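Below is one structure. I have some questions about it.
The values are calculated or read from the model by the stated rules, or taken from the named source; none is laboratory data. Fair warning: this is a prediction, and the values are worked out from it, not measured in the lab. Neighbour counts are summed over all protein chains in view; Cβ atoms, including those assigned to glycine, are modelled from backbone coordinates with ideal geometry.
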Amino acid sequence: MHLNPRQLEAFRAVMMTGSMTIAAELLQITQPAVSRLVKDLEKELKFRLFRRDRNRLIPTQEGTTLFAEVDRYYFGIDRIAKIATELQTTRAGSLRIAAMGGLSLSCIPEAISRFREGRSAVNVTVESLNSVSILELVAGRHFDVGFAQVGGEFPGVDLKPLPPVEAVCVAPAEYDIATKPSIEIEDLKDLPFISLGKNSPFRLRVDQAFEVAGVSRQLLLETSLSASVIGLVASGLGVSIVDPFTAATFANGRFAIRPFSPRLTFDVSVITPSHFQNSKLCDEFSNIMRGLFRAMEASPVGA
């Protein structure tokens, strides 16, 4: 048996409207054309779909049963078309994000909030990982996009730098340097200093800056998360240099945020799989992140 989609469409239109004439208007064809399509379908099926009661079309039992299946089929087609449209307009789908700890607790939530406006059907997954894991997992396509500090090239991924943002100095409110409008590296001489973990690319740059300046510190504490650094600073345990997003996210009256000299930038790259077409969702989220970094670059925290 060969069922013609146009015949099924005509049958469905008649069932929905109860009239050959209205069905013809709905399908934008003539009434005789609708009648012929339905008759041809009945011929193919070898049973009647309608009976006439004066000027009314009454569906047969067979017609009613068939309509339930035909309508389910068209509902599926309509659903597919709706999803396709949503995918075109980035209102549906999924996005898997991997981000280093400092970002996953600061600007990533803000970016997701903006991203989900008008995209409530998009399923978003976020994992907080170290930079090496992000590179490996994005290369293996376990994530659609990653955000991390990367020291060089890595196989299987493409790297696109976000606008660089200036790191800031954070100090307990009761410290004398907290009253300064900006903080020089010499101001931190012999103060207790809270560092990021030794595997942090930013930690290495901070250490190098102090070494070049010949400024000594009391290196008593270190932690892997920028948010933990802020918590320790707010508790009065020491000073530190962190990314501006984390500083702004956890800002309160217990610690001061100040511009720092020499200038140290917090450089983050958008990481995507190589030789793979990024989804529109991936591109749009990356653009939102780029906008956040650009805004921070234009209006630094603590300035």
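Within the stretch 154-168, count every residue that is surrounded by 19 or more Cβ atoms within 10 Å (Cβ to Cβ) and not in a loop (DSSP other than H, G, I, E, B).
Here the count works out to 4.
While we're on this one: Looking at the stretch 15-62, which of its residues are part of a strand (DSSP E or B) and under 20 Å from N4 (Cα atoms)?
Result: F50, P59.
For the subset of the stretch 267-303 comprising residues that are among the β-branched types (V, I, T) and in a loop (DSSP other than H, G, I, E, B), which member is nearest to the chain's Cα centre (by Cα)? Spell out how you get there, then give the answer.
Filtering the stretch 267-303 for residues among the β-branched types (V, I, T) gives 268, 270-272, 288, 301.
Remaining after also requiring in a loop (DSSP other than H, G, I, E, B): 268, 301.
On the way: V268: 16, V301: 24 Å.
Here the answer is V268.
Please enumerate the residues belonging to the stretch 53-67 that are loosely packed, with under 10 Cβ neighbours inside 10 Å and not basic (K, R).
If the condition is that a residue be loosely packed, with under 10 Cβ neighbours inside 10 Å and not basic (K, R), then D53, N55, Q61 are the ones that fit.
Scan the stretch 206-222 for residues that are surrounded by 18 or more Cβ atoms within 10 Å (Cβ to Cβ) and either out of contact with any helix residue (DSSP H, G or I) (no Cβ under 9 Å at 6 or more places or on another chain) or assigned to a strand (DSSP E or B) (or both) and jot them down.
If the condition is that a residue be surrounded by 18 or more Cβ atoms within 10 Å (Cβ to Cβ) and either out of contact with any helix residue (DSSP H, G or I) (no Cβ under 9 Å at 6 or more places or on another chain) or assigned to a strand (DSSP E or B) (or both), then V206 is the only one that fits.
Among all residue pairs at least 6 apart or on different chains, which show Cβ distances below 6 Å where the first residue, located in the stretch 26-46, is farther than 18 Å from I58 by Cα and without any contact (Cβ under 8 Å) to a residue 60 or more places away in the chain and the second is small (G, A, S) and assigned to a helix (DSSP H, G or I)?
Qualifying pairs under 6 Å: L26/A13; L27/A13; T30/A24.
Somewhere in the stretch 232-240, is a residue in a helix (DSSP H, G or I) and either within 29 Å of the chain's Cα centre (by Cα) or surrounded by fewer than 16 Cβ atoms within 10 Å (Cβ to Cβ) (or both)?
no
For the stretch 203-225, enumerate the residues that are modelled with pLDDT under 90 and within 19 Å of V268 (Cβ to Cβ).
Filtering the stretch 203-225 down to residues modelled with pLDDT under 90 leaves 220, 224-225.
Passing the criteria: S224, L225.
Then there's this: Tell me whether the stretch 229-244 contains one or more residues that are over 24 Å from L204 (Cα atoms), of a type outside the set (G, A, S) and in contact (Cβ under 8 Å) with a residue 12 or more places away in the chain.
no
Now, a different point. Tell me which residues, restricted to the stretch 80-128, are in a helix (DSSP H, G or I), loosely packed, with under 13 Cβ neighbours inside 10 Å and modelled with pLDDT under 90.
Residues satisfying the conditions are I80, A81, K82, A84, T85, Q88.
Restricting the search to the stretch 34-65, which residues are hydrophobic (A, V, I, L, M, F, W, C) and in contact with a Leu (Cβ under 8 Å, 6 or more places away or on another chain)?
Listed by number, the residues that qualify are V34, V38, L41, L45, L49, F50.
So that you can scan it fast, the table gives a plain yes or no per residue for (1) in the same structural domain as S104 (by TED's automatic domain parsing); (2) not in a loop (DSSP other than H, G, I, E, B):
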{"position": "F143", "(1), (2)": "yes, no"}
{"position": "G152", "(1), (2)": "yes, no"}
{"position": "V170", "(1), (2)": "no, yes"}
{"position": "E174", "(1), (2)": "no, no"}
{"position": "P181", "(1), (2)": "no, no"}
{"position": "D187", "(1), (2)": "no, yes"}
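Give G146, G197 a once-over and let me know the one that is at pLDDT below 90 and either exposed (fewer than 14 other Cβ atoms within 10 Å of the Cβ) or not charged (D, E, K, R) (or both).
G197
To continue, here is another question. Which residues, taken from the stretch 189-202, are touching a Leu at 6+ places or on another chain (Cβ under 9 Å) and either assigned to a loop (DSSP other than H, G, I, E, B) or at positive phi (or both)?
Answer for the stretch 189-202, where residues must be touching a Leu at 6+ places or on another chain (Cβ under 9 Å) and either assigned to a loop (DSSP other than H, G, I, E, B) or at positive phi (or both): G197, K198.
Any idea how many residues of the stretch 176-201 are in contact with a strand residue (DSSP E or B) (Cβ under 7 Å, 6 or more places away or on another chain), closer than 12 Å to I241 by Cβ and of a type in the set (S, T, N, Q)?
Counting residues in the stretch 176-201 that are in contact with a strand residue (DSSP E or B) (Cβ under 7 Å, 6 or more places away or on another chain), closer than 12 Å to I241 by Cβ and of a type in the set (S, T, N, Q) gives 1.
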